[in-house]
Amino acid sequence: MRFSILRRSAALLCGAVILFTGCAGGASSSVPDSQSMEDMPYGATLTHDVNASPSIQYDHRFLPEGAADALCRYYRAIQSVDVNLFKGVQFPLWKDYFLNEYLGGKYTDEDILKNTNQQIRDSFGGPFRYALIDVTDCRVNRTSVETESVVAVLDDLAQEKGQELVSKDIDCYCQVKVTRYLSDTKSTVKGETQDAIRDETLYVMHHGSAWYVIYQ
């Protein structure tokens, strides 16, 4: 159990960042024709889905459409302080652990959303909307200290509850880096703006039949 707790602490070293900070038809893509798509690095072919809410840009060769949709729901929840949407996009075991064990039951999902939204409003200078969610990097099913720690924590939690290992039913796991472009609520811009929050790292996983976002 001591090892389990230490491992969980490592996985959540930056766990309170969001608390105190942070596809569909109509999408367009740019594809260079001088090189085969398989040989191109992330970002060489981009899909900009202007019909998504919020608008999102990503390389569809790396990030699945379902994962992009989960990211949109996650950021839409923050933008609108939608507690039910926020709960629905989180993996239940992780959400309960983060709130009750790591944060000691001192905060709720609503607290986290309100605090995060207010911090962004204060930084932006008023009410905001996400003009673009730009996924600038995506690592799919690659082993790293961070991904191993998160999945290990989920497996520990499942074992403690007498459930099957979570890792058995994860068929896709993405570590993404995101830049968020902001605009005022009256703007109709669905692209880059002068106001940006850069390099947020999130994890998106497909477990069973659903996509979930894990923030740290």
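Please treat every number below as a calculation from the coordinates, not as lab data. The structure displayed is predicted, hence computed values, not measured ones. Counting neighbours? That spans all protein chains shown, and the Cβs are built from the backbone with ideal geometry, glycine included.
Summing Lys, Arg as +1 and Asp, Glu as -1, what charge do residues with Cβ under 10 Å from the Cβ of residue 165 carry, residue 165 excluded?
Within the 10 Å Cβ shell, the charges total -3.
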Problem - Residues residue 111 and residue 38, FRET efficiency given R0 of 35 Å [Cβ-Cβ distance, rounded to 0.05] - result: 0.20
Handout entry: Under the Karplus curve 6.51 cos²θ - 1.76 cosθ + 1.60, θ = phi - 60°, whole-Hz ³J(HN,Hα) for region 49-57, x wherever Gly or Pro sits
Key = 8, 7, 8, 6, 10, x, 4, 9, 10
Problem - Label point distance in nm, residue 141-residue 87, each placed 7 Å from Cα along Cα→Cβ - result: 3.3
Practice task
Please go through the residue pairs 87/161; 114/190; 106/168; 95/168 and name each one whose alpha carbons sit more than 27 Å apart in this structure.
Solution key: 106/168
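Between residue 165 and residue 118, how high is the FRET efficiency from 1/(1 + (r/R0)^6) when r is the Cβ-Cβ distance and R₀ = 45 Å? Nearest 0.05.
Result of the calculation: an efficiency of 0.75.
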Problem - Proximal aspartates and glutamates to residue 186, defined as alpha-carbon separation beneath 19 angstrom and excluding residues fewer than eight positions away on the same chain - result: 122, 195
Exercise for the section: Please report, in whole Å, how far the alpha carbons of region 60-156 spread along each principal axis, starting with the longest. Expected result: 40, 37, 22
